[in-house]
Amino acid sequence: MLQTLHNTMNLGNMDLNIPVYGMNFGSIGFLMNTYSEDDLHARINNAKANSIHPLKMQATDENGDTHTALALNEVSLFRSSSQAAKIEIFVDGKSRISELICDGVLLATPAGSTAYNLSAHGPILPIDSPLLALTPISPFRPRRWRGAILPNSATVQFSILKPQRRPVSVVADNRQYSDVAQVTVKEDRTNKVTLLFDPGHSLEERVLNEQFKF
């Protein structure tokens with residue numbers, strides 16, 4: 001499903017905005033409807049639309065090469081060696097954490113806040129909220145920092161400290177780049193995907209239900 005949504009975005013014309021109605025024929029299927037071929041045309045016609053703007057990531061590796069990618073769920077940074085990563089975090093150009101020692105850190109959209117972000121003990125964001133979740137992955141120091149909720153207008157920059165001794169890779173949904181030195185992420189308001197959901201099973205309802213599971 002995620003690959004289908006990326007293919008839709010890669011058409012390169014947001015005016016087309018082809019809506020996607022997915023049906024779960026696998027295991028989790030959080031962004032999909034219940035599988036059934038009965039009355040399919042009527043279900044699609046009655047479906048409720050939700051639009052999602054992706055994150056745009058720009059990463060510079062140790063060779064100075066630049067890589068860009070879009071992410072509907074999250075952009076994640078991970079340590080690539082036995083040593084913990086050391087990362088400085090800037091929000092809108094201001095250093096907020098001078099040295100985060102961790103296994104990694106991620107920035108998630110509201111749609112992605114119920115995915116890896118939730119597993120990393122990050123907050124679940126309402127699907128229509130103008131927010132992003134910044135969540136550390138197994139942080140060592142600062143010990144009490146558990147992440148932040150940011151406005152979706154924020155630009156977040158991750159600067160890798162000692163990248164040769166403590167290499168870091170970055171993953172934007174399913175695209176990975178190794179040995180990065182700096183990563184900048186912000187919401188891409190020029191791009192979006194539209195998902196269709198059966199009445200009573202909207203993305204808002206699923207996000208709300210997820211908060212009461214235990």
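For this structure, a couple of remarks:
- Spatial offset of the stretch 35-82 relative to the stretch 92-113 amounts to 17 Å, using the alpha carbon center of each.
- Nearest-20 debye value, the stretch 55-187 charge dipole, Cβ charges on Lys, Arg, Asp, Glu: 540
- A straight Cα-to-Cα reach below 15 Å connects Lys162 with the aspartates and glutamates Asp61, Glu62, Glu88, Glu99, Asp103, Asp179, residues fewer than 8 places away in its own chain not being considered.
- Taking a straight line from the alpha carbon of Lys192, these aspartates and glutamates sit under 20 Å away, with near neighbours fewer than eight places off in the same chain left out: Asp15, Glu74, Asp128, Asp173, Glu204.
- Full extension of the segment from Gln58 to Arg165, taken as 0.36 nm per residue of separation minus the current Cα-Cα distance, would add 36.3 nm.
- Residue-wise HN-Hα coupling along the stretch 125-135, computed from phi with Karplus coefficients 6.51, -1.76, 1.60 (Hz; x: Gly, Pro): 9, x, 4, 9, 7, x, 9, 10, 9, 9, 10
- The helix-based estimate of mean residue ellipticity at 222 nm for the chain, built from -39,500 (n - 2.57) per DSSP H run of four or more residues and divided by its residue count, is -3000 deg cm²/dmol to the nearest 500.
- Rounded, prolate or oblate (a/c below 1.5 giving rounded, otherwise prolate when a/b exceeds b/c) for the chain by Cα gyration tensor: prolate
- Segment Lys94-Arg143, length gained on full extension (0.36 nm per residue, minus Cα span): 15.5 nm
Rule-based calculations on the coordinates, nothing more; no lab input. Bear in mind the structure is a predicted one, so any value in this text is a computation, not a measurement. Reconstructed Cβ throughout: ideal geometry from the backbone, glycine too, with neighbour counts over all protein chains shown.
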